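Everything below concerns the one structure shown next.
Throughout, read-outs are computed from the coordinates displayed, never taken from laboratory work. Note that the coordinates shown come from a computational prediction; the quantities given were computed from them, not determined experimentally. FYI the Cβ positions are ideal-geometry reconstructions off the backbone, even for glycines, and counts take in every protein chain you see.
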Amino acid sequence: MSAEPTFIELSFVIPCHNEQDNLRPLVAAIRAAVEPLARTYEIVLADDCSTDATWPLLRELAAADARIRGLRFAKNAGQSAAMWAGMKAARGRFIVTLDADLQNDPRDLPQFVEALKQFDCVCGSRVAARGQGDGFVRIASSRIANWVRNKLSGETITDAGCCFRAFKRECVADLKFFKGMHRFLPTLFKIEGFTVTEIPIRHNPRTAGAAHYGVWNRLFASFYDLLAVRWMKQRMFRFQIADRVN
Ligand code: UDP
Ligand code: MG
């Protein structure tokens with residue numbers, strides 16, 4: 001037996017809040033998607049202080065498979081915070097973030113892995129498939145939010161709120177995380193000089209647990225964050241050192 005730790009290629013990072021009925025099918029779906037690709041992987045689940053049985057179940061899944069790792073917040077801190085804590089714990093060369101509720105479909109994984117050969121970050125876009133998983137109000141509010149976001153931040157991403165993404169781990173190395181940041185990750189990566197692309201993905205309805213966002217928090221809660229990102233984009237400096245002495 002070798003003492004060398006296994007090199008992990010893919011770290012799946014998943015924020016979870018009250019997702020007890022989704023965890024088992026989620027882990028099964030990820031396994032089914034990743035195993036044909038013959039990649040080493042881990043699944044990092046960040047429990048945002050769920051009040052249901054998410055945490056005991058996560059412990060049970062982790063006890064049965066060392067590739068499943070978990071952390072639990074002492075207090076509910078929000079999706080961005082859970083994603084951030086999961087990303088910090090991730091050890092893989094690439095990070096794949098997705099939601100716990102199976103609205104993002106792990107069967108799209110091969111397309112992400114393929115696109116990672118050419119880009120630092122690959123973002124899923126639900127625009128084409130949105131009608132399969134969401135009703136009119138959610139679709140319309142998401143469209144409006146994306147339009148405003150793009151207009152004010154000079155962005156072209158069609159579905160910034162979609163958290164099914166894959167990227168090199170170094171993309172997040174220098175970022176400062178803030179609440180609501182998960183919606184701006186592609187823009188922040190671009191500011192750092194990383195290349196970003198979008199691919200169309202599937203979009204399933206949520207079959208268990210409750211959605212965390214409605215029209216109001218989707219449309220307006222992120223407006224304040226948007227101004228910060230707009231400011232950051234305008235004020236960030238980029239430079240290359242051409243020469244050094246001593
Ligand atoms: N989530 C979380 N903390 C929160 C809200 C959401 O960890 O305070 C997780 C949730 O469990 C899910 C993901 O973030 O894995 C996205 O949430 P949801 O599916 O409810 O969002 P929506 O489909 O409404 O965009
Ligand atoms: Mg969802």
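Output the Kirkwood hydrodynamic radius of region 128-246, Cα pairs only, in Å rounded to one decimal.
When all Cα pairs of region 128-246 are included, the Kirkwood radius is 16.0 Å.
With charges set only on the Cβ (+1 for Lys and Arg, -1 for Asp and Glu), what does the dipole of the chain come to about its Cα centre, in debye to the nearest 20? Present the calculation step by step, with values, prior to reporting the outcome.
Details: 34 positive and 26 negative charges, 149 e Å.
It works out to roughly 720 debye.
Show that you can apply the helix-only estimate: for the chain, add -39,500 (n - 2.57) for every DSSP H stretch of four or more residues, divide by all residues, and state [θ] at 222 nm to the nearest 500.
-11000 deg cm²/dmol
Can you give me the Cα centroid spacing of region 14-40 and region 141-196 in angstrom?
Their Cα centres are 24 Å away from one another.
Is there a quick way to get the dipole size of region 34-79? I mean about its Cα centre, with the Cβ of Lys and Arg at +1 and of Asp and Glu at -1; what is the value in debye to the nearest 20?
For this selection, approximately 160 debye.
Name the aspartates and glutamates eligible as straight-distance cross-link partners of Lys75: C-alpha to C-alpha under 18 Å, and not fewer than 8 places from it in the same chain.
Cross-link targets: Glu19, Asp47, Asp48, Asp52.
Mind checking which lysines have their C-alpha under 24 Å from Lys168, skipping anything on the same chain fewer than 8 residues away?
Lys88, Lys117, Lys176, Lys179, Lys190, Lys233
Across 10 Å bins from 0, what is the distribution of all Cα-Cα pair distances for the chain, in whole percents?
Percent of Cα pairs in each bin: 7, 31, 37, 18, 5, 1, 0.
To two decimal places, what compactness ratio does region 1-145 give when its Cα radius of gyration is scaled by 2.2 N^0.38 Å?
Expressed relative to 2.2 N^0.38 Å, the Cα Rg reads 1.09.
Can you tell me what share of the DSSP beta bridges in the chain is antiparallel? A percent to the nearest 5 is fine.
25 percent
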